[in-house]
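Okay, structure first, notes after.
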């Protein structure tokens, strides 16, 4: 049976913040370390875990972002098209 001989003040003293402060501080340190370590340790594994969903982009965001041609494939296509048009003009 539960011990009911303690008074309310005694029970409240058992939950005193000063008595459990070391455990609270340890938990706060662990939480801060987790938040700080995730970008360094966890981020590189996210594409592996999410696979193709890691590169999914919402349509509304895709419309807002500029179309950046980092590798230059659009430029190569335009140059090839222009050269083909010039070659056709010269042939005619």
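Looking at the chain, what helices (runs of 4 or more DSSP H) fall wholly within it and have at least 2 residues that are surrounded by 10 or more Cβ atoms within 10 Å (Cβ to Cβ)? Lay out the reasoning, then the answer.
Details: elements: 8-14, 17-37, 46-50, 59-64, 73-91.
Result: 8-14, 17-37, 46-50, 73-91.
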Inset, instruction - Quick one: count up the residues across segment 69-88 that are out of contact with any helix residue (DSSP H, G or I) (no Cβ under 9 Å at 6 or more places or on another chain) and modelled with pLDDT under 85. - result: 3
Legend entry - Single residue of 84, 54 found to be over 40 Å from the mean Cα position of the chain (by Cα) and free of Cβ contacts under 8 Å to residues at least 24 places away in the same chain: 84
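The values are calculated or read from the model by the stated rules, or taken from the named source; none is laboratory data. Bear in mind the structure is a predicted one, so any value in this text is a computation, not a measurement. No Cβ is skipped: glycine too gets one built from the backbone with ideal geometry, and neighbour counts run over all protein chains shown.
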